[in-house]
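Structure record follows, encoded as structure tokens.
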Amino acid sequence: MIGAIVIVIVLVAVIPVGFLMSTAAPAAIIGGLLKHRAEATHADSELLDTNY
């Protein structure tokens, strides 16, 4: 019975959390690269002042 409980906990909690945390780093890298490209492409835009 303990084995079944452990399997359920792993399937419900550990795997989804691990997946979400493993995708955070690539998302941050892609976002940074896209922001850098947009700032370089549109360097004279007045809308860049509204970006953080």
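Each reported figure results from applying straightforward, stated rules to the coordinates on display, with no laboratory input. As the structure is a computational prediction, the values presented were derived from the model and not from experiment.
The chain gives an Rg/Rh value of 1.42, both radii derived from C-alpha positions and Rh following Kirkwood. Using only Cα atoms and rounding to the nearest 10 degrees, what angle (0 to 90) does helix 15-41 make with the longest principal axis of the chain? With both axes taken from Cα atoms, the answer is about 10 degrees.
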